[in-house]
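To start, the structure under review is shown below, and the notes come after it.
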Amino acid sequence: NAGVTQTPKFQVLKTGQSMTLQCAQDMNHEYMSWYRQDPGMGLRLIHYSVGAGITDQGEVPNGYNVSRSTTEDFPLRLLSAAPSQTSVYFCASSYSMRGVPYEQYFGPGTRLTVT
Amino acid sequence: GESVGLHLPTLSVQEGDNSIINCAYSNSASDYFIWYKQESGKGPQFIIDIRSNMDKRQGQRVTVLLNKTVKHLSLQIAATQPGDSAVYFCAENWSNTGKLIFGQGTTLQVKP
């Protein structure tokens, strides 16, 4: 099992550009989520999904879109990048029962810089 | 977890001592809690979890205690080792929402 994979590892964008951060998991997990982590801070939930075709907003969803067309993939789209979106982005997945995401596994992260 | 600004609290312990890392969670309706360890440059790694119908759970060298009355969670690490040096986060699942919300984190430094 590769676990949770994220691409790219590093990315530099100019203000206003758009891009998609990719996330995939091969553990057949229903639950997937995206977090951002700013320097010296904790992780903040951007969006999450409890299964294919279902997504919902987290704590900081503005400026980001997600979709979940398959169980394996959960891409995060930045529509118009801003310097405030400079951060490390983590994708995670887990099995879930009655909506509770048990034992989330995290990917290695994507380091995004917006200039 | 409570916001503590830009600097993570730091706990410094001697190798071989026991460590206790504390976390105040925010939602009294949270039904599931997790502790994560994050080493520099890596993603968070699952350590141990506990459901809200329990007040204690033990793993290998780690114990999690849950006090719902005061919305407090703690992680105890026995015989702390240099490899335990990392940032530790607690996370709470907001019941019926699927939202797993992280606390601010604590940096554990182990002195040889």
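The values are calculated or read from the model by the stated rules, or taken from the named source; none is laboratory data. The structure presented is a predicted model; accordingly, all values stated were derived computationally and were not measured. When we count neighbours, we look across all protein chains shown, and the Cβ atoms used for this are built from the backbone with ideal geometry, even at glycine.
See the values below:
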item: Answer residue from region A:42-67, given it is more than 13 Å from chain B (Cβ to nearest Cβ) and closer than 15 Å to A:CYS23 by Cα and is farthest from the chain's Cα centre (by Cα) among those; result: A:ALA52
item: Scope region A:1-57; condition touching a helix residue (DSSP H, G or I) at 6+ places or on another chain (Cβ under 9 Å) and crowded, with 21+ Cβ neighbours inside 10 Å; matching residues; result: A:ARG36
item: Options A:THR20, A:THR15, A:THR7, A:THR86: the member that is more than 19 Å from B:GLY98 (Cα to Cα) and in contact with a Cys (Cβ under 9 Å, 6 or more places away or on another chain); result: A:THR7
item: Residues that are at pLDDT 95 or above, more than 11 Å from the chain's Cα centre (by Cα) and buried (at least 21 other Cβ atoms within 10 Å of the Cβ), drawn from region B:85-107; result: B:ALA86
item: Filter result (small (Gly, Ala, Ser) and away from every other protein chain (no Cβ under 14 Å)) within region B:43-82; result: B:SER74, B:ALA78, B:ALA79
item: Residue in region A:96-105 that is of a type outside the set (Ser, Thr, Tyr), within 15 Å of the chain's Cα centre (by Cα) and at pLDDT 95 or above present; result: no
item: Any hit, region B:25-36, residues being crowded, with 17+ Cβ neighbours inside 10 Å and among the polar types (S, T, N, Q); result: yes
item: Subset of region A:71-109 [within 14 Å of another protein chain (Cβ to nearest Cβ), over 16 Å from B:GLN45 (Cα atoms) and in a strand (DSSP E or B)]; result: A:SER87, A:SER96, A:MET97, A:VAL100
item: Residues satisfying the stated conditions in region A:2-15, i.e. farther than 14 Å from A:LEU76 by Cβ, of a type outside the set (Val, Ile, Thr) and part of a strand (DSSP E or B); result: A:PHE10
